[in-house]
Amino acid sequence: MYVDEGGGGGQRSVDWGDIGKGIGSIGASMDAFAGAAASGGFEVNETGGQALLNAIRGMKRWVDRQQMGLLDIAQRLPLGGSHAAQVISPYVQQVAIDDQGFLTQLAQFSESLEKAEKGIETAMANYRATEEAKRSAFRGIEPV
């Protein structure tokens with residue numbers, strides 16, 4: 001746990017383990033979201049769906065750019081031959097690519113965005129199907 005005891009109004013703490021759990025739960029949430037959409041659990045109209053898809057696709061583009069720009073941190077840094085460099089170099093690489101590493105989490109976030117996109121597309125299709133079914137039902141009603 002990191003504790004900042006510097007100035008500025010008291011003590012702040014961050015439990016890094018909780019952050020990793022939160023990121024992992026994003027994937028589970030997106031699985032549930034896509035499952036709910038696939039089962040007809042919710043529907044989204046065209047306007048709302050397109051706004052959500054635009055936001056998701058914009059975030060996916062950002063993630064893709066970040067992944068490309070950060071490929072260097074997946075490599076072991078050539079810090080030199082000192083004992084400190086030999087200790088720090090693999091640690092820096094580990095922070096980037098292990099199970100809870102930044103690049104690993106960024107890749108999982110990208111997968112979550114793909115699931116969200118599919119979920120929204122399914123919810124939009126659900127909405128269109130419901131609207132068509134209702135239109136068909138109204139067509140069968142005789143005017144008074």
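Here the Karplus curve 6.51 cos²θ - 1.76 cosθ + 1.60, taken at θ = phi - 60°, turns the phi angles of the range 68-82 into couplings of 5, x, 9, 4, 4, 6, 7, 8, 5, 6, x, 8, x, x, 5 Hz, with x standing for Gly and Pro.
For the peptides 52-59, 72-79, 110-117, residues were scored by their other Cβ atoms within 10 Å and the scores averaged per peptide; the highest-first order is 110-117, 52-59, 72-79. By the compact-protein rule of thumb, 2.2 N^0.38 Å, the alpha-carbon radius of gyration of the range 60-144 corresponds to a ratio of 2.12.
Here the simple spin-label model places points 7 Å from the Cα toward Cβ, and for E114 and Q75 these points are separated by 2.6 nm.
Distances between placed amide hydrogens fall under 5 Å for F42 paired with no residue 5 or more residues away or on another chain.
Bear in mind these aren't lab numbers, they're just calculated from the coordinates by the rules spelled out. Since this is a predicted model, take the numbers as computed values, not measurements. As a convention, Cβ positions derive from the backbone with ideal geometry for all residues, glycine included, and neighbour counts pool all protein chains shown.
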